[in-house]
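**Student:** This is the structure I have questions about; it appears just below.
The values are calculated or read from the model by the stated rules, or taken from the named source; none is laboratory data. All values reported here derive from a predicted model rather than from experimental measurement. Counting neighbours? That spans all protein chains shown, and the Cβs are built from the backbone with ideal geometry, glycine included. The protein model used for the area step is the full one, side chains on, heavy atoms only, and it has no ligands, DNA or RNA in it. Shrake-Rupley method; radii C 1.70, N 1.55, O 1.52, S 1.80 Å.
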Amino acid sequence: MEKKNIDWSNIGFGYVQTDLRYVSNYKNGAWDDGCLTEDATITMNECACVLQYAQTCFEGLKAYTTVDGRIVCFRPDLNASRMADSCRRMKMPVFPEDRFVDAVVQTVKANAAWVPPYGSGASLYLRPYMFGYDSIIGVKPANEFQFRIFATPVGPYFKGGVRPLTLRVSDYDRAAPRGTGHIKAGLNYAMSLYAIVDAHEQGYDENVYLDSATRTHIEETGGANIIFVTKDGKLVTPKSDTILPSITRRSLLQVAKDYLGMEVEEREVALSEISDFAECGLCGTAAVISPVGKIVDHGKEICFNIGESGMGDTVKKLYDTLTGIQMGKLTPPAGWVKVIE
Ligand code: PLP
Ligand code: COI
């Protein structure tokens, strides 16, 4: 299979239309067989539930080329189960988890020419999503749904590649207690658009959201969880019912413990204590592990170690170990790496 002629090392995080995408429709209480299609356009009625009431959720995962030339995905079963959680909370029908993984495999195989080569720093980003499709005008869930997965080759999420980020403590909230912060609903991201444009206009890379009930604890950013490293080398990450349970973060906790022998703590993290941490980073599928150089809290700058490479030593170790597992350089824990071909 011949790869597409792309300058893989210089692509950003953008949409590129690839050859085939997966689609399955839900009607009369059942999912159809699903298939791959060349058609990247969706046509729907003006009153479709997703357009009026935002009944939609999504996932994000990546396919990589490993050091020995295989194409793999990282823990797609966890994306399947998180999407099932999102669907249940959004009153959408669950797309069966085994079919989700199979659809991921089909989509990656069909777009194998778009999977960036090993060492390019790029990967094939997969975006599974579901939306309410039929016409709904009274506020209630749709009856018909579409599940899709498209693929797009991507480079680093933050402009300029791996470099220390500057975050600000946001005055806007992302998620309410007992709301939808813990699932991957499109509405959470709609909530964050005003704040991200404002942050960029003020020169920041991202917003750090606080818990909206007390505004005293660190939650996460608009598109990634947060990790901190203490001065004595412990990994600390916020625990909250209103943040997305990041697959990268859950994996990193295990990697830190089992591969690096680190102590790990998942607990509430007060805004007032973050100046005590030595290092900070963002973690997620798109963000991978991005070093944070500074968090600005209303004019007060909290700076973190960024070493000579732009990443603090411990964040770099975590980055090298996690990406080493994803790229086939280190032996993964059982079940973490799904080989596609
Ligand atoms: N938090 C938010 C709000 C996100 O959008 C994402 C991205 O999926 C993450 C965290 C990281 O989650 P994961 O590591 O599963 O990609
Ligand atoms: C991901 O990391 O997959 C996400 O969905 C985050 C998004 C901001 C691109």
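**Student:** Within segment 187-290, which strands (runs of 3 or more DSSP E) (wholly inside it) include 2 or more residues that are open to solvent by 20 Å² or more (accessible area, probe 1.4 Å) and more than 11 Å from ligand 1 (Cβ to nearest atom)?
**Tutor:** 264-267
**Student:** Given the conditions (1) within 16 Å of ligand 2 (Cβ to nearest atom); (2) among the small types (G, A, S); (3) over 26 Å from V337 (Cα atoms), which single one is not true for S240?
**Tutor:** Exception for S240: condition (1).
**Student:** Another question, then. Return the residue satisfying two criteria in turn: it lies in segment 292-318 and is free of Cβ contacts under 8 Å to residues at least 40 places away in the same chain and not in a loop (DSSP other than H, G, I, E, B), and of such residues it is least open to solvent (accessible area, probe 1.4 Å).
**Tutor:** I302
**Student:** Further, regarding this structure: Check every one of the strands (runs of 3 or more DSSP E) wholly within segment 39-119 and list those with 3 or more residues that are open to solvent by 40 Å² or more (accessible area, probe 1.4 Å) and hydroxyl-bearing (S, T, Y).
**Tutor:** none
**Student:** Here's something else I'd like to know. From the list G223, G281, G293, which residue is more than 29 Å from R178 (Cα to Cα) and modelled with pLDDT of 95 or more?
**Tutor:** G293
**Student:** Further question: Answer yes or no as to whether I340 is aliphatic (A, V, I, L, M), outside the structural domain of L271 (by TED's automatic domain parsing) and open to solvent by less than 80 Å² (accessible area, probe 1.4 Å).
**Tutor:** For I340, the condition - aliphatic (A, V, I, L, M), outside the structural domain of L271 (by TED's automatic domain parsing) and open to solvent by less than 80 Å² (accessible area, probe 1.4 Å) - is met.
**Student:** Would a scan of segment 18-31 turn up a residue that is surrounded by 11 or more Cβ atoms within 10 Å (Cβ to Cβ) and in a helix (DSSP H, G or I)? Working first, answer last.
**Tutor:** Filtering segment 18-31 down to residues surrounded by 11 or more Cβ atoms within 10 Å (Cβ to Cβ) leaves 18-27, 31.
Remaining after also requiring in a helix (DSSP H, G or I): none.
No, every residue in segment 18-31 fails to be surrounded by 11 or more Cβ atoms within 10 Å (Cβ to Cβ) and in a helix (DSSP H, G or I).
**Student:** Collect the residues in segment 102-139 that are closer than 22 Å to K184 by Cα and either under 17 Å from the mean Cα position of the chain (by Cα) or modelled with pLDDT under 95 (or both), keeping them in residue-number order.
**Tutor:** V104, S123, L124, Y125, L126, R127, P128, Y129, M130
**Student:** Same structure, new question: Go through (1) farther than 25 Å from W336 by Cα; (2) touching a Cys at 6+ places or on another chain (Cβ under 8 Å) and name the single condition V104 misses.
**Tutor:** V104 satisfies all of (1) farther than 25 Å from W336 by Cα; (2) touching a Cys at 6+ places or on another chain (Cβ under 8 Å) except (1).
**Student:** Of all residues in segment 145-162, count the ones that are part of a loop (DSSP other than H, G, I, E, B) and crowded, with 18+ Cβ neighbours inside 10 Å.
**Tutor:** Of the residues in segment 145-162, 4 are part of a loop (DSSP other than H, G, I, E, B) and crowded, with 18+ Cβ neighbours inside 10 Å.
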